[in-house]
1. Using r as the Cβ-Cβ distance of Asn512 and Gln489, and R0 as 56 Å, what FRET efficiency do you calculate, to the nearest 0.05?
2. For the stretch 151-229, just run the numbers: alpha carbon Rg, then divide by 2.2 N^0.38 Å, N being how many residues it has.
3. I want to check the label-to-label distance for Asn639 and Glu294. Put each point 7 Å from Cα in the C-beta direction and report it in nm to one decimal.
4. Once you have the Kirkwood Rh of the stretch 188-302 from its Cα pairs, apply Stokes-Einstein at 25 °C and 0.890 mPa s and quote D in µm²/s.
5. From the backbone phi of the stretch 196-202, what are the Karplus-calculated ³J(HN,Hα) couplings (6.51 cos²θ - 1.76 cosθ + 1.60, θ = phi - 60°) in whole Hz, Gly and Pro given as x?
6. Distances longer than 17 Å among the Cα atoms of the stretch 556-601: what percent of all pairs is that?
7. Per-residue accessible area for Asp594 at 1.4 Å probe radius, Å² rounded to 10?
8. Using only the heavy atoms of the protein chains and a 1.4 Å probe, how would Lys475, Lys160 rank by accessible area, largest first?
Amino acid sequence: MIKSIKIEFPDASVKSYKVGITCLEILKTISNSLLKKTLVASLDDNVVDLSYKVLNDSKIKFYSWDDDIGKSTFWHSSAHLLAESIESIYPGVKFGIGPSIANGFYYDIDFDKYDTSKIDLEKIENKIIELSRTKSEYVREEISKADAIKFFDNKTDNLKLDLLKDLNDGEITFYKQGNFIDLCKGPHIPNTSFIKAVKILNVAGAYWRGDEKNKQLTRLYAITFPKQKELDNYLLKLEEAKKRDHRKLGKDLDLYFFSDKVGQGLPMWLPNGNIIRENLMNFMRNEQINLGYEHVSTPHIGSKELYVTSGHYEKYGESSFQPIKVPSDNDEFLLKPMNCPHHCEIFNFKPHSYKELPIRIAEFGTVYRYEKSGELHGMTRVRGFTQDDAHIFCTIDQVKSEVINVMNLIIKVFKALLFDNYKVQVSLRDKKNHDKYIGDSKLWDIAENDLVEAIKEKSIEANIVYGEAAFYGPKIDFIVNDSLDREWQLGTVQVDYQLPKRFNLNFINKNNKKDRPVLIHRAPFGSMERFIAILTEHCEGNFPLWLAPKQLIILPINDKVNNYAFGVYDKLSKNGFRCSLDKRVEKISKKIRDAEVMKIPYMIIVGENEMNSSKLSIRKKGEGEIGKMSLTELENILNVELLNHIK
């Protein structure tokens, strides 16, 4: 019988402990300061409660509020406390699910007989803080399916009973804190006292299990913090986010809009927005040409058989736009949900030798994916969008160099658009279970090693996550923090072994035999719509000069200088600058304010002094007056600024 176990810590040190010691007891032996802030632990990468008993040799890690895993656990536990508070105020309510999300958590609730328009959110928040001070422990209990059904049957909680249908004996656990018991697999923080501040952010409707045929529940979104000051700062950021909301700025700056007659989730680009879109696409197109990409165009629809071959119909068919039937025969077509099947057919158009590889095919392809109306959100979640899609067909020994080239391109995009704060995640196979992945295990080993080595070669710090790879290959994701410190996934490099096999892609190798290429998917922007929405909020609509729909505006002080002002406008326009002339009969102060509202980078003030001296008074957005200069001097300043984004 084992009397002791060995525990390995993150610094690679190893200590021996008695069998059955808890994670909390281990923590007490190493650091009192860590003890005060630790929320949860992991054993061999499996996240567990601090009360969990360790029975075997293990690698242990501890997580605090400063870690993503710690935050997620904190918010999951907060969801349970929210439920306890609501149940104490509104007895008889039924609870669906209450997961943590990127910022906070939510709980889906059936308020039954209660009027949801009269829910007292402040009373619930106060109750949460009151209960948190009781320092109630989160206690895990394994329970049989029969006993679990009996418990929720007595509560007449049909939502939990519905969840139990999918669970088997031996995998059902309850968690209790205070007077509340919930069906949950955990883990949780040690006790409620860590939760010091709370805010219910929003009340929305949500169909049970996301099915419109089911009952609509009330979803409460909330967030909690271990300090009131952190909540206060978060709420300030939320107010700032409202000012930066791309839906508001898109309307104010005439960038884009949606028409009910055209259809929900189908964006309409206005001239100003289209300038931004086209300039981003031209920037990417030029970079890709320099890197050896060849650009193609493919139809907006494809035969159903194309997507059956690719596997997209099987995976997404039911939730996609339904097949289009034609009157003359039995053919069916689909609105294009992905560009990759078309690009595989382009590769298959003619035979290839290994000497031609890598072949890089790029397209700004518009795709269509059905999203439920409740899931649509401005330009970040739409039904029709354009991707800066590219697919690289290469040999296995070319994967590393191609991945590095793609990473260089993604980083250049971030630099050009002032996304300076980003992190990288490498998603690999599950260490223990390889059954859910397709392809030769040796090829997976090579591809995963290439991705990790590419990251090292670029000297990029990356979070390596096991079990997050797609079933057809490992990937690298770039996650940016915007100016409000919100995280957005932008830029993906995905290795794929499945599509080359499904489409029977091949090339002739050095030994004059057929070989299968590796496919690399990549999209630095991702969706143009989503990217521009994120960029709009990141810069609050103050786009860099090379993207600004209007780069300059000429503001004549009176009609005496209109001819001179028009001459300036004409020369700038002919030299390729996007400018406008404000000829309204208004005070110059109002013209300046209006130009500020439209977030135009440069204002040219023209009065009689400027006309007589052939000079221009220049104001720059965010800086104010920058002095008087000639038109040539101004153009030199503009050209330097325009060139900076491509360095």
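1. Efficiency, rounded to the nearest 0.05: 0.85.
2. Normalised Rg, Cα atoms only: 1.34.
3. 3.6
4. Rounded to a whole number, D works out at 125 µm²/s.
5. Once θ is set to phi - 60°, the couplings for the stretch 196-202 become 10, 8, 8, 8, 7, 8, 7 Hz.
6. Here the long-distance tail beyond 17 Å is 38 percent of all Cα pairs in the stretch 556-601.
7. Around 50 Å² of this residue is reachable by solvent.
8. My answer, sorted largest first, is Lys475, Lys160.
The values are calculated or read from the model by the stated rules, or taken from the named source; none is laboratory data. These figures come from a predicted structure and were not determined experimentally. Ideal geometry is used to build each Cβ from the backbone, glycine not excepted, and the neighbour counts take in all protein chains shown. Calculation scope for accessible area: heavy atoms of the full protein, side chains included, ligands and nucleic acids excluded. Shrake-Rupley method; radii C 1.70, N 1.55, O 1.52, S 1.80 Å.
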